[in-house]
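As structure tokens, the structure follows; a few thoughts come after it.
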Amino acid sequence: MTSEPLGGKPEKKLISLRLPLPLLEEIDTFAWKHRTDRSDIIEKSCRHYITAVPCTECGTLNPQSGKKCALCGARLTRPDQWVEKLQKDTDELIFRQRQLCDVETRLESSIFSLEELEEEISAEQKPFLKFHIGDSYLTLKEIQKALILSGTADLSKDIREAEALLEDPDQSLVPDMIGRISHRLAELEYLEGRAEHTIESNAELTRKLTAD
């Protein structure tokens, strides 16, 4: 859009932005090298920013035509799919949170089963058994810590904020929230996988020691 100032040539009306001085200096240097005007660069940059698709994993802005993030390679979610993805990921996180409680109970039970074997095995086997029990308790404590936090701070806070955002979606806030929920999901999936592996190892060790 242009305007006709008194006694001069038309000027471009820029989108109102407060850009930091270092960025303006870089823009001026680029404009001088390419024999163009600062306003043209800012206008094109703003147009790209407004139409770009942010990656919900790393936040990088990508062209609308892109299918994957140019930086991290994650599949891009379109703005019209953001709310649907946030709802799906939030539901999954709540399910994982409940499932981790069940995994905690099974892991604790498997540790108790190992401890009951201490009186039945030989002295040579006891150091190995105690080491395995100690390692299992470390995993259990990590899960318990995550569950305690989920009830008082980080995890539950993210869930509550996601649910509030879903009730009154703000498209400018949804991508960041998707990233936070995805991060929480990855944390719980890691803990759950580690616990399942420990439970299987404890069961295998129990079978081996009882067979001996």
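The values are calculated or read from the model by the stated rules, or taken from the named source; none is laboratory data. What you see is a predicted model; the values in this text were computed from it and never measured. Positions of Cβ are backbone-derived with ideal geometry, glycine not excepted, and every protein chain shown enters the neighbour counts.
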Quiz item: Looking at the range 79-115, which of the residues that are farther than 23 Å from residue 194 by Cα, modelled with pLDDT of 85 or more and out of contact with any helix residue (DSSP H, G or I) (no Cβ under 8 Å at 6 or more places or on another chain) is surrounded by the most Cβ atoms within 10 Å (Cβ to Cβ)?
Solution: 88
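Suppose we filter 175, 127 for residues that are surrounded by fewer than 10 Cβ atoms within 10 Å (Cβ to Cβ) and part of a helix (DSSP H, G or I); which single one remains?
Details: 175 fails: surrounded by fewer than 10 Cβ atoms within 10 Å (Cβ to Cβ).
Selected residue: 127, the only one of 175, 127 that is surrounded by fewer than 10 Cβ atoms within 10 Å (Cβ to Cβ) and part of a helix (DSSP H, G or I).
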Practice problem: Using the structure shown, decide if residue 158 is surrounded by 11 or more Cβ atoms within 10 Å (Cβ to Cβ), closer than 21 Å to residue 92 by Cβ, touching a strand residue (DSSP E or B) at 6+ places or on another chain (Cβ under 9 Å) and acidic (Asp, Glu). | Solution: no
Exercise. Considering every residue within the range 187-200, establish whether at least one is surrounded by 13 or more Cβ atoms within 10 Å (Cβ to Cβ), touching a residue at least 12 places away in the same chain (Cβ under 8 Å), more than 22 Å from residue 99 (Cβ to Cβ) and among the aliphatic types (A, V, I, L, M).
Key: no
